[in-house]
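In what follows, a single structure is set out as C-alpha cells and then discussed.
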Amino acid sequence: MRPTDINIAGAVDLSSLRAPATPPAGAAPAASSAHVLDVTEATFEREVLQRSLTVPVLVDFWAEWCGPCKQLSPVLERLAAEGGGAWVLAKVDVDSNQALSGQLQIQSIPTVLLALGGRLIQGFTGALPERDLRAFLEQVLAAAQQAGLPGPGGEAAPAAAAPVPTDPDVLAAEDAMAQGDYAAAVAAYESLLNRKPGDAEAVAGRAWAALLQRSADADPEAAIARAEAAPDDVAAQTAAADAEILSERIDAAIERLVSYVRRSSGDDRDAARVHLLELFDALDPEDPRIVTGRRALSNALF
C-alpha cells in the first residue's frame, strides 16, 4: 500500500480514549535513539498524544514475529534519526499492549498511525519502500507546519530535510520485497554486495529475501514433519529450520541445525553450517538467541 494523503480535517479526536495508568515515578521508555521511543499503554498519552502537540509522532505497531515489521522498523528508525527531532517514532509492541491495540482497532501489522496536535490520523499499513516513506514524511512535516506545531525548539516545525540519496540497488530491493518478488530482491542485494562486499544492510537484506524466496510455496508443518521422518537428510533439516524461523521458533531452528552439525560430517555437515550462518545473517545480530546460537555452533564445530 502507498501512504494515505494526510487530511487534518479527517483526524480522529483521541480525547475519548481512556487515559492509561500513570507509570511509576522515574520510568522512561527504552529508546534506540533520542527520536525513537518504545511506548506502552502506560506511556501512550504522555509520549504520543502530549508530545504530538509539539512535533508529529509516527506510531509503529509491530511484533517480534512479524516479518514485514522487521523490514519496516529499521528504515523508520534510521529516518527518525536522520530527521533530527523534526518528528518522533513511537514503537508499540502489539503483543505486550493488546488493550491499546484493540482500542485503536489495529487489525494487521505493521500499521503506522500519525499523532498530530493531539489527534490520530490514518497513516499506512504494510512495509513501504523507503522512497514512499520519505514522501509520506514530507506530507507529515507539511501538515505539522499547516497545523502550526511549534516544533522541538519551540519554533515553527522545520521543513523536511533534504533527502539523503539511497543506493539504487537498495531501492530496487525494497521495491521488490514490497511486491513479493523475492528473487528480484536477492538479485538487487547481490548487485550491491558485488560493489560493496560485506555491506551489513545488503548481507541482512539478501539473507532475509533468500529465506522468503525458499519458503514462498512451502508448507511449514509438512517441512517439519519431513525433517522428523528423515533426521539424516540435510535438505529436509534446512527446510524445517527455515519454517521454524518464519514461525518465530528461532531456538528450535538453531538447535535443529546445531544438532545436525554435531552428528554429521563432510559436505552435509558443511551445508548445515553454511545454512545456519545465513539464517543468522537474516536475523537481529543482537538478539540473545542469535548470540547463544553462534556460540553453540562454534562449540559443535570445535
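Every read-out reported here was derived from the displayed coordinates using simple, explicitly stated rules and does not represent laboratory data. Bear in mind that the values here come from a model prediction, so they are computed numbers and not experimental data. All Cβ positions, glycine included, derive from the backbone under ideal geometry; neighbour counts span all protein chains shown.
The figures follow:
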read-out: Residue exposure sequence - Trp208, Trp65 - by fewest surrounding Cβ within 10 Å; value: Trp65, Trp208
read-out: Highest average packing first - 115-126, 291-302, Cβ atoms within 10 Å; value: 115-126, 291-302
read-out: Ascending count of other beta-carbon atoms within 10 Å, so fewest first, for Val234, Val55; value: Val234, Val55
read-out: Calculated FRET efficiency for the pair Gln107/Leu171, C-beta based, R₀ 22 Å, to 0.05; value: 0.15
